Amino acid sequence: MNKDQKKNYIAEMESQFQNNEAILVTHYQGLTMSQLDELRAQMREHGIKFKITKNRITKLALEKTKCKDLSNLFTGATAVAFSDDAIMSARILSKFAKNNENLKLLGGIMGSDILDQTGVQNVANLPTLDEARANIVGILSAPASKFVSILLARSEKMSTLSPENS
C-alpha cells in the first residue's frame, strides 16, 4: 500500500466507525474463502458490511473515533462487521460462529456501549425490532379479542333470554 492508499483506507475506516451504530470485531483465521463469501452474502442481505482489516492502519483510524477503545481487539486475522442493526449483525455472526469454529467473536460497540464476547452473545439473543413489534401487537390484541368475545357471548345470552324469543 502506498501513502495515498493508506490515507484513503484510514479515511474510509474512520467514516465506517463514525457512521455505524454497531461495530463487531471478529477473528476469522482458518475460514476458507468460500466460507467468508457465504458469511459476507448473509450479511449483505441485511445491509451489513463485513470487512477484513489491516490492523496497524485500522488502529490509526480508530484513534479519532468513538470506537478507540476497541483498538486492543485488532490483533491477528481481524474482520469487522459494520451496521446500524446490532441485533441482526450479532445474530448472523453468532450463528455462523456456532457452525464454524474458526470464526471468533471478540467484541464490539453498540451505540456508545462497548461489548465483550458475552455482550455480543446477549445482543444476538435479543428480539429484532420487527419481532418486538409483533410481540407488542400480540400482547395488545389478546385482551381486546377476549373482551370482544365476552361481549358477544353476553349479547347472545341476552338475545336468548329476551321475551321476543319466548
Inset, instruction - Name every residue in the stretch 1-36 that is in a helix (DSSP H, G or I), of a type outside the set (S, T, N, Q) and over 19 Å from the mean Cα position of the chain (by Cα), in order of residue number. - result: Lys3, Asp4, Lys6, Lys7, Tyr9, Ile10, Ala11, Glu12, Met13, Glu14, Met33
Inset, instruction - Would you mind stating whether Pro127 is modelled with pLDDT under 85 and assigned to a loop (DSSP other than H, G, I, E, B)? - result: yes
Inset, instruction - Hey, could you check the stretch 57-71 for residues that are touching a strand residue (DSSP E or B) at 6+ places or on another chain (Cβ under 9 Å) and closer than 12 Å to Gly107 by Cβ and say which is surrounded by the most Cβ atoms within 10 Å (Cβ to Cβ)? - result: Cys67
Legend entry - Residue in the stretch 65-119 that is modelled with the highest pLDDT, counting only those that are farther than 15 Å from Ile48 by Cβ and among the acidic types (Asp, Glu): Glu101
Legend entry - From the options Lys49, Lys54, residue that is surrounded by 13 or more Cβ atoms within 10 Å (Cβ to Cβ), basic (Lys, Arg), within 16 Å of Ser94 (Cα to Cα) and assigned by TED's automatic domain parsing to the domain that holds Ala90: Lys49
Inset, instruction - Mind listing whichever residues of the stretch 70-101 are in a helix (DSSP H, G or I) and over 24 Å from Asn125 (Cα atoms)? - result: Ser71, Asn72
Legend entry - Cβ pairs under 9 Å, 6+ apart, first in the stretch 44-59 and on the phi > 0 side of the Ramachandran plot, second of a type in the set (Asp, Glu) and surrounded by 14 or more Cβ atoms within 10 Å (Cβ to Cβ): Gly47/Asp85
Inset, instruction - Determine if the stretch 42-49 includes at least one residue that is over 19 Å from the mean Cα position of the chain (by Cα), at pLDDT 90 or above and part of a loop (DSSP other than H, G, I, E, B). - result: no
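The values are calculated or read from the model by the stated rules, or taken from the named source; none is laboratory data. Nothing here was measured: the structure is a model prediction, and the numbers come from that model. FYI the Cβ positions are ideal-geometry reconstructions off the backbone, even for glycines, and counts take in every protein chain you see.
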